[in-house]
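This report concerns only the one structure given below.
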Amino acid sequence: MIFIIGFVLFLYIIYGLYQHFFPASNIDPRSKYVLISGCDSGFGNALAIEFDKQGFNVFAGIYSADSKSVVTEQLSSRATIFLLDITRQEDIDSAYEMIKRKTNTLHALVNNAGISTRGHIDWITMESMRQLMDVNFFGHVAMTQRFLPLLITKRDSRVVNISSAVGLIAPPSAAAYCASKYALESFSDCLRREMFAWGLRVSIIDPGLMRTPIIQKRNHAAHEIGTHLSADVRERWGEEFLKYHSEHLKNNIWVKLAEDPIKVVRAVQHAVMSTAPYIRYRPGWQSMFVYFPLSIVPAWLADLYFEKMDTLPVLPVGINNQMKS
């Protein structure tokens, strides 16, 4: 068994080296159209700029009207910038009609828009859980379903879904976000297998923590976690535990070691432009060497890792009360 595992790993490494040193050729971007959601900032903004530079006709969906002037200045006259809230079907339908007037064929749809939230399951509201699922999952499903007719008018079109390394392994205090990414992973796998006959390529991007605005929002969210809890939840966990937990999230080692987002941009660029795109991309060392290995080891071993990483110097008040009784 050890020999078989070693041989498989050897073949995997050889294949990876072959792909690195003998990459497949790229497509010609001229006269091809790419649609990207969430171009206000972060990955989406960087991707819109990159694909515009490469010569694609970029459809850049932005969430806030305040972003339009900035994004317009960043892109060439080929690009089309428009308001797009992927949780609103009317926005998606309007985008479809606008794009269909310009072209009958999309080369790529990049589902990028996303939000994040933190907190134990006992702390988060169902409203915030539904909001996060609406953006990170249902919005991308709605976009994909609506634009499929323009994608499958020719073979070799692409759907690229920006997921996360926590779509493979779920750390504590991230249930809502992880659930949305797990859902997006399975949706992507089903879509790819359903679209074999049409020649539609589906790629999944699974980055670790990157230095994007979502990191700054994460730190703010860590500070705000304890401010909206009900009285009974606060009583169960205790003010001291909540304070330590907030500090622990802000000082998380993986947040401090967040990587350059250009790694994600290059992965998406390959997925859109290569004549042989990969099914999954794990940009960055966190995704490749931390989260991915944790997702394939026995569950008890991953549990042990997270238990050690998330142990705080204080216990919840409710546990202290149990120990005293």
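The values are calculated or read from the model by the stated rules, or taken from the named source; none is laboratory data. The structure displayed is predicted, hence computed values, not measured ones. FYI the Cβ positions are ideal-geometry reconstructions off the backbone, even for glycines, and counts take in every protein chain you see.
Remark: pairs (first residue in the stretch 8-30, at pLDDT 70 or above; second residue in a helix (DSSP H, G or I); Cβ separation under 7 Å; 6+ apart in sequence or on different chains) = 26/273; 27/273; 29/54; 29/273.
Whether a residue is modelled with pLDDT of 90 or more, over 15 Å from the mean Cα position of the chain (by Cα) and part of a helix (DSSP H, G or I) was assessed, and residue 270 passes this test.
For the stretch 85-104, filtering for residues that are in contact with a strand residue (DSSP E or B) (Cβ under 7 Å, 6 or more places away or on another chain) and among the hydroxyl-bearing types (Ser, Thr, Tyr) leaves 1.
Would you check if residue 109 is farther than 27 Å from residue 237 by Cβ and outside any helix (DSSP H, G or I)? Yes, satisfied. In the stretch 280-304, which residue that is in a loop (DSSP other than H, G, I, E, B) and out of contact with any helix residue (DSSP H, G or I) (no Cβ under 7 Å at 6 or more places or on another chain) is farthest from residue 33 (Cα to Cα)? That would be 298. Inclusion of residue 66 among residues that are among the acidic types (Asp, Glu) and touching a residue at least 40 places away in the same chain (Cβ under 8 Å) is not warranted.
Taken over the stretch 28-68, residues that are buried (at least 16 other Cβ atoms within 10 Å of the Cβ) and in a loop (DSSP other than H, G, I, E, B) amount to 9. Of all positions in the stretch 89-99, at least one carries a residue that is part of a helix (DSSP H, G or I), more than 21 Å from residue 152 (Cβ to Cβ) and over 23 Å from the mean Cα position of the chain (by Cα). For the stretch 86-114, the candidate set comprises residues that are free of Cβ contacts under 8 Å to residues at least 40 places away in the same chain and more than 11 Å from residue 35 (Cβ to Cβ); within that set, the residue that is surrounded by the most Cβ atoms within 10 Å (Cβ to Cβ) is 91.
Here's the yes/no breakdown for (1) at pLDDT 95 or above; (2) in contact with a strand residue (DSSP E or B) (Cβ under 6 Å, 6 or more places away or on another chain); (3) surrounded by 13 or more Cβ atoms within 10 Å (Cβ to Cβ); (4) of a type in the set (Ser, Thr, Tyr):
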{"position": "283", "(1), (2), (3), (4)": "yes, no, yes, no"}
{"position": "292", "(1), (2), (3), (4)": "yes, no, yes, no"}
{"position": "299", "(1), (2), (3), (4)": "yes, no, no, no"}
{"position": "306", "(1), (2), (3), (4)": "no, no, yes, no"}
{"position": "319", "(1), (2), (3), (4)": "no, no, yes, no"}
{"position": "324", "(1), (2), (3), (4)": "no, no, no, no"}
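Can you find a residue that is crowded, with 17+ Cβ neighbours inside 10 Å, modelled with pLDDT of 85 or more, over 30 Å from residue 106 (Cβ atoms) and in contact with a Gly (Cβ under 8 Å, 6 or more places away or on another chain) anywhere in the stretch 210-225? No, the stretch 210-225 has no match at all.
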